Amino acid sequence: MVIVDVFSQLADPVLLLTIFIAAFYGLVIGAIPGLTALMATALLVPFVIFMDPIPAVAAIVTASAMAIFAGDIPGALLRMPGTPASAAYTDDAHGLVLKGQAAVSLGAGVIASAFGGLFSATVLTLAAPSLAKIALTFSSVEYFWLGLMGLSCATLVSSESLLKGLLSLFLGLTLATVGMDPVSGIPRFTFDSVNLLSGFGLIPVLIGFFAMGELMRNAGVPVEERPKLPPVGPMFGPSLRGLATHKAGAVRGGLIGTVVGALPGAGSDIAAWISYAISRRGTRRGRAQSDDGAVERITAASAANNASLGGAYIPATVFGIPGDAITAIVISVMFIKGINPGPTLFLNQPEMIYTIFAIFFLANLLMIPLGIAMVRAFGAVLRLPPVYISPVILLFCILGAFSVENTMFAVGLIVAFGVLGYMLEANGIPLAPAILGLILGPLIEQNFMTTMLKSRGDLGIFFDREIGSWLGYATIVIWVLVLGARLVTSLRSPSEVDVNSEIWNNDKNQSTNTIL
């Protein structure tokens, strides 16, 4: 009976039209650097507030899923990630584009994103109550270790130099300390500036490091020396074959994204970084810099960031606890509509909750044709002369920064971080660890201080809880293995080290070129 009710609601023309419009809207917002899936959701609220409950939730689900994927498009074509979740694999995706494999790069992203969304929707439908109970057992101890484990990804994504990777990581952690202390509320390193009380926002830093830095790098390059954007060939068939080849990475990414998404406050960007780092470290030496290795990492990370969206709905629908900021908006809309998310929703209105789950499947299936169409449209626009495109990109960068912070100070930040990002990359220092440190720094600090206050300074509490102790031991093992691997690498013959270093440097230099 419930299944019949679900299909009858899905057949509603108004619902289908809402999903289609929200999908197009999410693709456009996500493809603009700086305009995130969260912003796409927030801008929808004034409109969905007047809709019926199911179309309102459907619009948010669809727009957020599309926006997460659409961030891959400028990341691959321009080396400017549209959303924070796309930053992890931007260099790999852009490197493939410069080699004439735009269809492979973006095709892997769209198919893997749809797969990750479908994977998490399946888990959401079948195992939501069980996974939500596990997520609710996490305390500040588990979140501290989870943050440290994620921070370890910095050593996994910076394969050229551990020292430079750590330097970039500490820079990101330092930037994360600016603003109000998360526990005491005391301003730190603000220099009496009101604009710095909330710290450095992730979006201005991201736009500055990648988008503004990329524009600065191209300012001194003659137009005739800039690589041309190759045409995007057939995407659907090769992408399906790529997914079949890298199905293990896609499944792993879907699982990581679902689990991380179910943890309140984690988010799609953390899921993408963790999945990307695990995939990179698991790639065999010699294949890490190959095109196939890049596709594998893109597949795993893309599956993870979209799967995290479905995972975030597990605690939201079962217990009424938001898994991220997007589900917090969804819960607010549901309350306004007279719907109380939680266990009683499964008992009193099962057709409604399972219709929402079914919308996840529909939205992610719709992502494939609409995503491919968006890639082709974006690519056609970028083949226009650079003199017309670069000012538009700069305008969108300014718009993205200003719309998030609502201050001109944020616009100044993207310029400052653009210069900093330009200088870092000019000296071979990777940007990815700095972004990771900025994301995870506040999470680690707040949970560490909270745990210390609860235990009155007893460090033993970090190994007293069962799940927390296992996460702690796993984190320590990761550190030992990474340091051991670096030690073994340093003891290899100098000629082998030089050859591998030359391969990596050539690949990196090629990927840092841009099309504008």
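Just so it is clear, none of the values below were taken in a lab; they were calculated from the coordinates. Remember, it's a predicted structure, so these values are computed and weren't measured experimentally. Positions of Cβ are generated from backbone atoms using ideal geometry, with glycine treated the same way; all protein chains shown enter the neighbour counts.
Points to keep in mind about this one:
- Each residue of region 412-421 was assigned a 3J(HN,Hα) from its phi angle through the Karplus curve 6.51 cos²θ - 1.76 cosθ + 1.60 (θ = phi - 60°); the sequence is x, 5, 5, 5, 4, 6, x, 5, 4, x Hz, with glycine and proline shown as x.
- Around the Cα centre of region 407-481, unit charges on the Cβ atoms of Lys, Arg, Asp and Glu (plus for the first two, minus for the last two) sum to a dipole of about 120 debye.
- When you restrict to C-alpha pairs under 8 Å that are six or more residues apart and normalise by the size of region 13-86, the relative contact order lands at 40 percent.
- Under 13 Å, Cβ to Cβ, from VAL205 - net charge with Lys/Arg +1 and Asp/Glu -1: -2
- The protection proxy used here, the mean number of other Cβ atoms lying within 10 Å of each residue, ranks peptides 474-481, 271-278 as follows, highest first: 271-278, 474-481.
- Residues VAL28, VAL330 arranged by fewest to most Cβ contacts within 10 Å: VAL28, VAL330
- Cα-based shape type of region 3-49, given that a ≥ b ≥ c are square roots of the gyration tensor eigenvalues and the cut on a/c is 1.5: prolate
- Here's how it looks for MET180: its modeled amide H is under 5 Å from those of ARG188, GLY199, which are all 5 or more places away or on a different chain.
- By the count of neighbouring beta-carbon atoms within 10 Å, fewest first, ASP181, ASP91 end up ordered ASP181, ASP91.
- In terms of surrounding Cβ atoms within a 10 Å radius of their Cβ, MET51, MET334 rank from fewest to most as MET51, MET334.
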